[in-house]
Amino acid sequence: MYKVSYIGRKNFVKFDDEHYLLYLNEEQAEVKNEKSDDIMQGYAYTGSQPDGGTLVEAKDVNDDNRRAKFVAGLIGTEYDIDSQIAILANGNDTDQHAQELKDFEDNRRVVKETIDELLAREL
């Protein structure tokens, strides 16, 4: 994981036609201004990419589907589509499947909260 600080606040950026960079795990941080050497208040982000972002798959994103696409993309960084289908299809028919489903639902809840925070940021 990479932790990178910026003077300005970030939320998301289109990476290419099939991916977005999401700036997650926002924290306030002190940032050195490269031009003046002054220390300024800024923000730090932690993610899988060298710029502190997290790359997620998200195609055909628009204002109406942005939340759903980002939630699905971020879940996809933890669970590939085959795993998601298997967990949901298995349900809770055994103790192991019930635990897998609970873990998946807990992850999904956290992802939704994370995306809601990201989309609510004022830049």
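A few remarks follow.
- The loop-placed GluC sites (Glu not before Pro) in the stretch 62-123, going by DSSP, that have at most 16 neighbouring Cβ atoms within 10 Å of their Cβ come out as GLU78, GLU122.
- Nearest 10 degrees, 0 to 90: helix 66-75 Cα axis against the chain principal axis: 70
- 17 Å Cα-Cα reach of LYS14 towards lysines, excluding residues that sit fewer than 8 places from it in its own chain: LYS59, LYS69
- The chain - charge dipole about Cα centre, Lys and Arg +1 at Cβ, Asp and Glu -1, debye rounded to 20: 360
- Measuring r between the beta carbons of ASP51 and ILE81 and using R0 = 25 Å, the FRET efficiency lands at 0.40.
- For the stretch 69-123, the Kirkwood radius over C-alpha pairs fed into Stokes-Einstein at 37 °C and 0.692 mPa s yields D = 273 µm² per second.
- Helix-only [θ]222 nm of the chain, DSSP H runs n ≥ 4, -39500 (n - 2.57) each, per residue, nearest 500: -12500 deg cm²/dmol
- Axis angle, to the nearest 10 degrees, between helix 95-120 and the longest C-alpha principal axis of the chain: 30 degrees.
- Spin-label model, VAL13 to LYS112: label points 7 Å out along the Cα-to-beta-carbon direction sit 3.0 nm apart.
- For the stretch 22-120, trypsin sites (Lys or Arg not before Pro) meeting the loop criterion (DSSP other than H, G, I, E, B) and having at most 16 other Cβ atoms within 10 Å: LYS35, LYS59.
- With R₀ set to 30 Å, the beta-carbon distance separating ASN65 from GLN99 gives a calculated FRET efficiency near 0.45.
- Of the two radii for the stretch 2-120, the radius of gyration is 1.08 times the Kirkwood radius, both from the alpha carbons; that is the Rg over Rh value.
Each value in this text was obtained by applying a stated rule to the coordinates, not by laboratory testing. Values in this document were obtained by computation on a predicted structure and should not be read as measured data. Please note: Cβ atoms are built from the backbone with ideal geometry, for glycine as well, and neighbour counts cover all protein chains shown.
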